[in-house]
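What follows is a short report on a single structure.
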Amino acid sequence: MNEPPARPPAEPVCSPTAAVSSRTDPEAAVRVWRGLAGTSVLLDGFHALKHALRFAARVPVALTADRRAALALADELAPDVRDALDALLVEVSDARLRDLVPRPHPTSVAALAVRPSREANLRALARTPRSAPVVVLDDPRNLGNAGAVIRLAAGFGATGVVTTGTLDPWHPTVVRGGAGLHFATAVERTAAGELPSGPLFALDPEGEDIRGVALPDDAVLAFGSERSGLSAGLRSRADHLVSLPMRPQVSSYNLATSVAMTLFHWSTATSTAVGTVTPPAGD
Ligand SMILES: C[S@@+](CC[C@H](N)C(=O)[O-])C[C@H]1O[C@@H](n2cnc3c(N)ncnc32)[C@H](O)[C@@H]1O
């Protein structure tokens, strides 16, 4: 598999002393949690934590109501991060976990990670030459769709996901949908007029059939809102309007599935797209 795109460096979070004492002392871990919860990214469940660790997220605190079960899951599904989990996971009571995380994931694992800085993400998005596209969601409305798109972008090794409009792509529901993979790509919201440079391919059912279009590695791939499609401004700035094949009488595809088809199309024609498939390690 290719190297993942350059990621913004994570920022320091808490003192090493706090991290060490919290590992052995559940109450200290809970204090660290309470101190960071308001400004950190909630990793909800084993798989989100696993992905975040694989992509070098800074995780100052990770809690579980069943350490043995969590490490058994790591043995089975993620031996590559087993040692990191062993060092991080602090066992707390089920009641305590519920107190900190209103609806704990069925794996009884929750962690807090440091959100990469906006400046670092913008630098990663602006870096050229680019070896994989940037996905733009033009005023998306559905948090689950945004999470699914970030997961796709991570899987295909896209440079990043940029949103315009009011949706926060780091909203907890988006992070949940992204399965901890926000850390595998650069995710930011920007103004519609400040998109990364590169040829702008806007996806629209009225465009040219994508099967005859080669998407370059430096493409900026733009997708419209679930409600109203592409905004007039973005459509007018597009270098190419491209469509996904669809039989008559079907109005449109779901936003995330449109991104999936488009990234897949890019991946089949480029040498820099993901080359091998990592064995599945849980969902
Ligand atoms: C759910 S669709 C938007 C539907 C919206 N009601 C409209 O009027 O366009 C969300 C986005 O997915 C992409 N999309 C969906 N179906 C597509 C297709 N057949 N070809 C190209 N893009 C498509 C477009 O970018 C679209 O704006």
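Values in this text are rule-based calculations from the coordinates and carry no lab data. As the structure is a prediction and not an experimental result, all values here were calculated from the model. Counting neighbours? That spans all protein chains shown, and the Cβs are built from the backbone with ideal geometry, glycine included.
Worth a mention:
- Close amide H contacts of Glu208 (hydrogens built in the peptide plane, cut-off under 5 Å, sequence separation of 5 or more or a different chain): Leu241, Val242, Ser243.
- Ranked by the mean number of other Cβ atoms within 10 Å of their residues, highest first, the peptides 173-185, 236-248 fall in the order 173-185, 236-248.
- Degrees, to the nearest 10: 143-156 long Cα axis against longest axis of the chain: 80 degrees
- Relative packing of peptides 206-214, 71-79, 124-132 - highest average C-beta neighbours within 10 Å first: 124-132, 71-79, 206-214
- Binning all Cα-Cα separations of region 118-269 at 5 Å, short to long from zero, yields these whole-percent fractions: 2, 10, 22, 25, 23, 13, 5, 1, 0.
- Under the convention that each Lys and Arg Cβ holds +1 and each Asp and Glu Cβ holds -1, the size of the dipole of the chain around its Cα centre is about 360 debye.
- Relative to the dominant Cα principal axis of the chain, helix 67-77 is inclined by about 40°.
- Stokes-Einstein D in µm²/s, Kirkwood radius over Cα pairs - the chain at 10 °C with 1.306 mPa s viscosity: 81 µm²/s
- Mean Cβ count within 10 Å, highest first, over the residues of peptides 28-37, 100-109: 28-37, 100-109
- A dipole drawn for region 16-113 from +1 and -1 charges on Cβ atoms has a positive end, and of Ala28, Ala78, Leu89 the residue lying farthest that way is Ala28.
- Estimated translational diffusion coefficient (Stokes-Einstein, Kirkwood radius over Cα pairs, 25 °C, 0.890 mPa s) of region 16-113: 189 µm² per second.
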